[in-house]
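Structure, as structure tokens:
The values are calculated or read from the model by the stated rules, or taken from the named source; none is laboratory data. Being a predicted model, the structure only gives us computed values, none of them experimental. With ideal geometry, Cβ positions are generated from the backbone for all residues, glycine too; neighbour counts draw on all protein chains shown.
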């Protein structure tokens, strides 16, 4: 190969290399946004403008959840270093934290980015910030940024409203627009309605220099957008009734759920013990959360929607209604109170349906369910039960048991209505009969329901056979959307079949020997049913009711854990709630005083 050929080869190699570099340069600058974005990051900074979160108000416009001014303290390591450092002892003292904690925050900030600010003190209340704001200028690299802090000024309905907390890595990874340090609803209505309450953030773009110092707005602010505030949430809750119910249940364990049977609107929803929502905001959130989580009475547990109890004697009304519809009995059917079959109490012996409900006769409803399940249609007690239990379970579910009651409460437990498949799994196919499962005839055994399901049962009876999906949101923003019209559900029980049940419930409250006579309210006819839910310890006191008897305006359930008889504690509490809602004030002052002052352990009897 001569010299000229070598020159051509070397020239060709250089030309090829040059073309490769030019092609790559064109690809980077013209066809790819990667380096363009990188260059923009070196010169343009984007600031997110947080929108005001929507308020949550009660049915009368009273504020339940609000926003108050707060401040975060930020630290930029590069600014501090350039100024020669700061006095960490004095700064820690000013911020109310230990020096070790402050130095850990400084180390974390420096590891994140020396030229970008990092949050070292979160959700400082405005009153605390006011005490230190005049001294922050002494500390280079330290700045304060205003933010909103969620607050519940009344302290009411904490379980229902839920928690508002800082996002975690899972929230960020979900790609829903959250960034490190943002906040969102974590439970309750705050979580369920996050998209509505959150609003839409705004964006402000500005030019920065190589040291990340602000220079000017990008394109004279033409690219900036303003934040859009979140929409307000208007609830069906009556704040005054909620406050009264929580006062009654103070220092007790249990739940109260009250609703309007004509609409399904929740008027009050109490889980006791409760807690103050504001305990789970601010710097002390972690310590407060651990304390509440480990408390023996489980104040974070929402008993109104998450606790499942056996319905007990109250379920006998459902049994009676299903039996009437299936013609297994009539209102006049009398059944001997055979206490050799199942235990009972009282001096009755041969009741009809109304009397059996008023006396809460166990043998009566043992026989009622036996007639529906063990009807002799197959010639085998095992086949009878296997064939008939499914229809019975479906009829029970029509009362809302074992369902989500229309789906307005995502955290609601559905409870349990056992059917054929459940008992096949427990005992084996056709290896069980009515004699195996008879405890469910009186509301015990595998049956489970929440206080919300039981309040809904009271509404069904008040309405003679139908209910509207229980719900707590009345409207969003300024207008009522058609989507908030609750769905109506039918039990498929004839309205006329409810007459004897309602008369029995009236007798429970008004008769001299009625088990619920402590639920009486002056001038108001109350219909109710007591329940005593069996436990390994002291039984739970339960009562459901509606009032007035004609044109009912309120239906409710009351649970008082480990209080014994339903007539002694849950019934008088129900009477106070009913009087408060219907009359606006309570005249039964002695009863009110006893209910407020008495706590666990409860006296055996309430005179």
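Taken over segment 115-135, residues that are crowded, with 16+ Cβ neighbours inside 10 Å and over 31 Å from the mean Cα position of the chain (by Cα) amount to 6. Quick check on segment 332-349: of everything there that is within 28 Å of residue 462 (Cα to Cα) and either crowded, with 23+ Cβ neighbours inside 10 Å or in contact with a helix residue (DSSP H, G or I) (Cβ under 6 Å, 6 or more places away or on another chain) (or both), which residue is modelled with the lowest pLDDT? Only one residue fits best here, namely 346. Look at residue 160 and say whether it is part of a helix (DSSP H, G or I), under 30 Å from residue 273 (Cα atoms), touching a helix residue (DSSP H, G or I) at 6+ places or on another chain (Cβ under 8 Å) and modelled with pLDDT of 90 or more. So residue 160 fits the description; yes.
The single condition among (1) within 26 Å of residue 165 (Cα to Cα); (2) modelled with pLDDT of 90 or more that residue 60 does not satisfy is (1).
In segment 76-87, the residues that are farther than 12 Å from residue 137 by Cα reach residues that are in a helix (DSSP H, G or I) with C-beta atoms within less than 8 angstrom, at least six apart or across chains, in these pairs: 76/109; 77/106; 77/109; 77/110.
Can residue 329 be described as modelled with pLDDT of 95 or more, touching a helix residue (DSSP H, G or I) at 6+ places or on another chain (Cβ under 8 Å) and in a helix (DSSP H, G or I)? So residue 329 fails the test.
Set side by side, the residues 165, 202 differ, and just one is modelled with pLDDT under 90 and closer than 30 Å to residue 245 by Cα, which is 165.
Put simply, of 567, 531 the only residue that is in contact (Cβ under 8 Å) with a residue 60 or more places away in the chain and either farther than 26 Å from residue 448 by Cβ or touching a helix residue (DSSP H, G or I) at 6+ places or on another chain (Cβ under 7 Å) (or both) is 531.
Among strands (runs of 3 or more DSSP E) entirely within segment 472-552, having at least 1 residues that are buried (at least 24 other Cβ atoms within 10 Å of the Cβ) singles out 527-533, 540-547.
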